[in-house]
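FYI, it's all coordinate maths here, none of it is from the lab. Just so it is clear, the model here is predicted, and its values are computed rather than measured. Positions of Cβ are generated from backbone atoms using ideal geometry, with glycine treated the same way; all protein chains shown enter the neighbour counts.
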Amino acid sequence: MENLNTQSLVEHLMDLKRCLVRSLWIILIGFAACFYFSSQIFEFIRHPILPYLPDGGLVFTHPTEKFLAYIKVSLLTSVVMTCPLWLYQVWLFVAPGLYKHERRLALKFIFFGSILFLSGVAFVYRIIFPLAFKYLLTFGNSIDKPMITISEYLSFFIRTTIMFGLAFEMPLILVVLAMMDVIDDAFLREKRRMAIFIMAIVSAIITPPDAVSMLSMMVPMILLYEISIFAVTRVVKNRAAGAVDSEREGAPS
């Protein structure tokens with residue numbers, strides 16, 4: 001199979017286009033299935049904030065707002081539920097730049113990528129949202145009552161959920177970069193302090209504006225970074241062994 005380094009820029013961009021188009025079709029098909037259950041999905045998504053709403057529900061200020069909300073929650077659910085399929089498309093995009101023995105790791109890539117993404121989604125839903133809403137919506141006196149619209153809540157919920165899911169993909173991204181000889185374990189160890197600083201900034205940006213939520217995000221990311229170093233160390237060793245084997249196979253007998 002052709003190596004990624006031998007491809008022209010146009011061929012590389014065409015591969016990227018195919019990856020994006022196929023992923024989009026996968027998400028759209030999943031959306032059609034999820035829309036049938038959009039009412040139940042919306043109830044599930046609304047659950048973390050319900051205890052802090054005085055009238056037991058969100059409000060809407062436009063006739064189409066609730067209908068658009070059902071579309072948004074169906075699309076979000078499709079992205080989450082179809083992650084093994086669009087991760088496979090990502091794998092097809094990066095696989096040509098890997099050694100032959102590394103291309104056989106597709107199932108591991110999809111499995112761990114799906115686990116990491118779903119772990120990020122579950123973490124923000126079970127840990128971050130309850131902590132954030134309890135702090136933000138009970139802050140100060142009890143005279144003021146929250147009146148949160150559906151669109152405002154969903155924008156916050158969807159943005160935070162997707163960003164947490166992607167943030168938890170950090171070990172997978174770093175491993176793939178190591179497999180493509182972009183980074184190695186020595187680089188990650190050398191840049192550890194800088195990485196922690198960047199993770200602190202990212203945590204402050206993608207979490208609600210309170211210290212508890214920020215720390216709840218930052219601690220798992222640091223842990224994932226350390227796991228990444230361990231995983232990349234193994235990748236570098238295996239890649240070196242694979243390069244030696246490839247040279248032996250290509251040597252004349």
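See the values below:
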| quantity | calculated |
| --- | --- |
| Inter-label distance for Ile29 and His62, nm, one decimal - labels placed 7 Å from Cα along Cα-to-Cβ | 3.2 |
| Cα-based radius of gyration of the chain once divided by 2.2 N^0.38 Å, which approximates compact folds | 1.21 |
| Rounded tilt (10° steps) of 106-123 against the dominant C-alpha axis of the chain | 20 |
| Potential lengthening between Arg159 and Ile222 on full extension [0.36 nm per residue; Cα-Cα distance subtracted] | 20.5 nm |
| Listed peptides 210-223, 71-84 by packing density, highest first (mean Cβ within 10 Å) | 71-84, 210-223 |
| Euclidean distance between Cα centres, segment 32-82 to segment 160-218, Å | 29 |
| Under Karplus coefficients 6.51, -1.76 and 1.60, residue-wise ³J(HN,Hα) of segment 87-92 in Hz, glycine/proline x | 5, 5, 5, 5, 4, 4 |
| The chain, relative contact order [Cα under 8 Å, separation at least 6], % | 22 |
| Two-site FRET efficiency, Ala211 against Leu92, from Cβ-Cβ distance with R₀ of 45 Å, rounded to 0.05 | 0.60 |
| Under-5 Å amide H pairs with Thr149, H placed in peptide plane, nonlocal only | Val59 |
| Leu53 long-range amide H proximity, modeled H, under 5 Å | none |
